[in-house]
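The values are calculated or read from the model by the stated rules, or taken from the named source; none is laboratory data. Everything quoted here is computed from the prediction, not taken from an experiment. Here the Cβ is made from the backbone with ideal geometry for all residues, glycine too, and neighbour counts use every protein chain on show.
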Amino acid sequence: MGRDSPPMRYHGVMRAAVVLLTAMAGCNAIYGIEQTQLLPDADTRPDIDHDMIPDEVDPCIAGPIDRADDTDNDMVTADQDPCPMGDMAGKADRDGDGLYDDCDPHPASAGDRWRCTTRFLDEDVTVALWDARAGEHTFASGGGRLIGFPDPDVGTMPSMVSFRPLIADTGTSVIAVRTSPFNVPYTFRLWASAGDSPSSADVACELIASDAGVAIRTLGTTVLATSPLGTGPSKSADFVVVAELSPGATGMNLVCIVGYRNASLMEEQVMAQGHFDGTLGRQGFAVVDGLALVSMLFMYDRD
């Protein structure tokens with residue numbers, strides 16, 4: 001009997017559990033509620049901006065400080081503001097797509113849909129999302145600005161590349177960066193498709209500014225078109241460098257645009273087009289010549 005007692009107690013516990021579960025099911029039926037279900041485990045995939053969306057599927061990786069920012073003081077936080085560089089009320093929207101011209105990568109052609117803005121205010125997210133590759137060094141950061149300048153002592157340039165592609169290769173996407181040089185000449189690259197390490201396969205939109213004028217060209221592509229040199233910028237010019245990527249019959253098509261202001265933002269634009277084969281890499285930016293601030297990054301999708 002002594003050896004039979006533990007199994008008897010075990011079966012007694014099991015009978016009690018069955019009765020309890022049966023009672024729970026009966027209560028659900030009596031009170032007309034759904035069947036009791038166990039909650040799934042929490043998603044454990046990385047989420048560096050803590051917005052409850054895993055990084056691998058997050059369309060906008062921006063930290064809490066960035067999301068709550070209102071740099072233009074229009075009472076609209078950055079996570080809801082498609083144009084954080086100025087109050088949209090009463091401003092020009094030539095193509096009627098809901099984007100104020102100053103923030104519209106195609107101000108005369110409708111179809112742009114704002115997706116994300118970041119001002120690099122959250123240091124933890126900036127460090128986690130962006131990093132230099134081998135043979136490059138990072139931008140200095142602080143106060144919502146990234147400061148970049150080549151290091152003549154070691155011969156490296158500042159370059160920040162995202163830890164994963166920020167845009168997909170299945171539709172038309174636009175990534176844009178606002179940058180302000182301290183002086184000219186100035187050469188800035190917006191990486192449209194960068195590899196894990198620097199190589200000739202990197203694809204970029206390269207802005208070249210000097211007293212003679214402003215030019216934009218594609219790097220790492222077959223050149224399809226370029227526009228004439230723009231007029232010379234003022235010493236305090238702000239540039240918005242735009243890379244538009246769309247799938248072609250093979251590979252990807254790239255349109256590079258630079259808008260800049262002397263009196264008002266996006267006063268003038270120059271453009272270049274190219275095409276490249278291969279898979280889409282990561283995005284980022286670099287300063288090849290001069291000293292500059294990077295203050296904002298925008299992303300859009302385009303119909």
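Restrict the check to the range 162-182 and report whether at least one residue is hydroxyl-bearing (Ser, Thr, Tyr) and more than 20 Å from the chain's Cα centre (by Cα). Spell out how you get there, then give the answer.
We begin by selecting, within the range 162-182, every residue hydroxyl-bearing (Ser, Thr, Tyr); these are 162, 170, 172-173, 179-180.
In the following step, the residues that additionally are more than 20 Å from the chain's Cα centre (by Cα) were identified as none.
No; the residues of the range 162-182 include none that is hydroxyl-bearing (Ser, Thr, Tyr) and more than 20 Å from the chain's Cα centre (by Cα).
Can you confirm whether Leu229 is of a type in the set (A, V, I, L, M), touching a Gly at 6+ places or on another chain (Cβ under 6 Å) and modelled with pLDDT under 90? Working first, answer last.
Working: of a type in the set (A, V, I, L, M): yes; touching a Gly at 6+ places or on another chain (Cβ under 6 Å): yes; modelled with pLDDT under 90: yes.
Here the answer is yes, as Leu229 does meet what is asked.
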If Glu244 satisfies every condition in (1) surrounded by fewer than 22 Cβ atoms within 10 Å (Cβ to Cβ); (2) in contact with a strand residue (DSSP E or B) (Cβ under 9 Å, 6 or more places away or on another chain); (3) at pLDDT 85 or above but one, which is the exception? (1)
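What are the residues in the range 48-71 that are charged (D, E, K, R) and crowded, with 16+ Cβ neighbours inside 10 Å, if any? Quick ask: steps written out before the conclusion?
Looking only at the range 48-71, we keep the residues that are charged (D, E, K, R), and these are 49, 51, 55-56, 58, 66-67, 69-70.
Answer for the range 48-71, where residues must be charged (D, E, K, R) and crowded, with 16+ Cβ neighbours inside 10 Å: Asp49, Asp51, Asp55, Asp58, Asp66, Arg67, Asp69.
Considering only residues that are assigned to a helix (DSSP H, G or I), at pLDDT below 85 and either assigned by TED's automatic domain parsing to the domain that holds Arg164 or more than 25 Å from Ile65 (Cα to Cα) (or both), which ones fall in the range 92-130? Even if it seems obvious, please write down each step before you answer.
Applying the first criterion (assigned to a helix (DSSP H, G or I)) to the range 92-130 yields 101-103, 123-129.
After this cut, where a residue has to be at pLDDT below 85 as well, the list is 101-103.
Answer for the range 92-130, where residues must be assigned to a helix (DSSP H, G or I), at pLDDT below 85 and either assigned by TED's automatic domain parsing to the domain that holds Arg164 or more than 25 Å from Ile65 (Cα to Cα) (or both): just Asp101.
Could you list, in sequence order, the residues of the range 131-166 that are in contact with a Lys or Arg (Cβ under 7 Å, 6 or more places away or on another chain) and modelled with pLDDT of 90 or more?
Kept after step one, since they are in contact with a Lys or Arg (Cβ under 7 Å, 6 or more places away or on another chain), are these residues of the range 131-166: 144, 159, 161-162, 164-165.
Within the range 131-166, Ser159, Val161, Ser162 qualify.
Do we have any residue at all in the range 163-174 that's surrounded by fewer than 20 Cβ atoms within 10 Å (Cβ to Cβ) and in contact with a helix residue (DSSP H, G or I) (Cβ under 9 Å, 6 or more places away or on another chain)?
yes
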Please enumerate the residues belonging to the range 247-301 that are outside any loop (DSSP other than H, G, I, E, B), small (Gly, Ala, Ser) and either closer than 22 Å to Leu224 by Cα or modelled with pLDDT under 90 (or both). Gly259, Ala272, Gly274, Ala292, Ser295
Looking only at the range 211-225, decide whether some residue is modelled with pLDDT of 90 or more, under 21 Å from Pro107 (Cα atoms) and more than 17 Å from the chain's Cα centre (by Cα). yes
Looking only at the range 190-207, decide whether some residue is at positive phi and at pLDDT 85 or above. no
